[in-house]
1. Quick check on this structure: which one of Pro75, Pro37, Pro13 is at pLDDT below 80 and of a type outside the set (A, V, I, L, M)?
2. So which pairs qualify, if the first residue must be in segment 105-133 and surrounded by fewer than 14 Cβ atoms within 10 Å (Cβ to Cβ), the second must be of a type in the set (Lys, Arg), the Cβ gap must be under 8 Å, and the two must be at least 6 apart or on different chains?
3. Based on what the data block shows, is Tyr44 assigned to a helix (DSSP H, G or I), touching a strand residue (DSSP E or B) at 6+ places or on another chain (Cβ under 8 Å) and either at pLDDT 90 or above or crowded, with 20+ Cβ neighbours inside 10 Å (or both)?
Amino acid sequence: MTIAAKAPELMKPAKAIRRFDVLAEYTRQERRAKGDPDDVAKGYGIWLAKVVASRRFGVRADQDHHGGSNHRTEPVKAPRFRSVGNELQTDEIFDQDIVNRMGAAFYREVFVPEIEAARKDGKSYESIRDAIRKAWKPSSSE
């Protein structure tokens with residue numbers, strides 16, 4: 001049995017794992033699979049999770065909008081990082097809001113491999129978002 005397979009029994013996250021965390025990591029892995037560098041994939045993952053969370057709670061996130069009366073004829077290059085509420089969502093924000101919140105060891109040894117395995121099995125985010133985090137109880141009370 002691998003350390004990662006034993007880890008769920010041995011390791012606990014520092015804080016409760018949220019759907020938000022699962023979406024951000026799932027998206028990061030999808031973007032990596034498409035060839036994005038890790039920093040860009042992390043930034044996109046945290047950005048998407050915040051946009052989805054803001055819609056759920058009825059708040060619109062600030063987004064970059066292209067269009068209006070100024071039509072561009074040249075292609076628009078996608079920004080390296082996107083903004084939510086005038087804050088760039090970078091790899092550092094991902095690390096702060098996701099990795100550090102749950103604990104780096106738990107993230108690396110339990111969380112990432114479990115989401116990788118689910119993706120490898122062809123499972124969608126929607127099919128795993130609740131079930132995958134059910135057994136992960138925090139080591140401390142919140």
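The values are calculated or read from the model by the stated rules, or taken from the named source; none is laboratory data. All values reported here derive from a predicted model rather than from experimental measurement. Neighbour counts are summed over all protein chains in view; Cβ atoms, including those assigned to glycine, are modelled from backbone coordinates with ideal geometry.
1. Details: Pro37 fails: at pLDDT below 80; Pro13 fails: at pLDDT below 80.
Being at pLDDT below 80 and of a type outside the set (A, V, I, L, M) holds for just one of Pro75, Pro37, Pro13, which is Pro75.
2. What qualifies is Asp130/Arg19.
3. Details: assigned to a helix (DSSP H, G or I): yes; touching a strand residue (DSSP E or B) at 6+ places or on another chain (Cβ under 8 Å): yes; either at pLDDT 90 or above or crowded, with 20+ Cβ neighbours inside 10 Å (or both): yes.
Yes, satisfied.
Yes/no per residue for (1) more than 20 Å from Val52 (Cβ to Cβ); (2) aromatic (Phe, Trp, Tyr); (3) in a helix (DSSP H, G or I); (4) at pLDDT 95 or above:
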{"site": "Val99", "(1), (2), (3), (4)": "no, no, yes, yes"}
{"site": "Arg108", "(1), (2), (3), (4)": "yes, no, yes, yes"}
{"site": "Pro113", "(1), (2), (3), (4)": "yes, no, yes, yes"}
{"site": "Ala118", "(1), (2), (3), (4)": "no, no, yes, yes"}
{"site": "Gly122", "(1), (2), (3), (4)": "yes, no, no, yes"}
{"site": "Trp136", "(1), (2), (3), (4)": "yes, yes, no, no"}
{"site": "Ser141", "(1), (2), (3), (4)": "yes, no, no, no"}
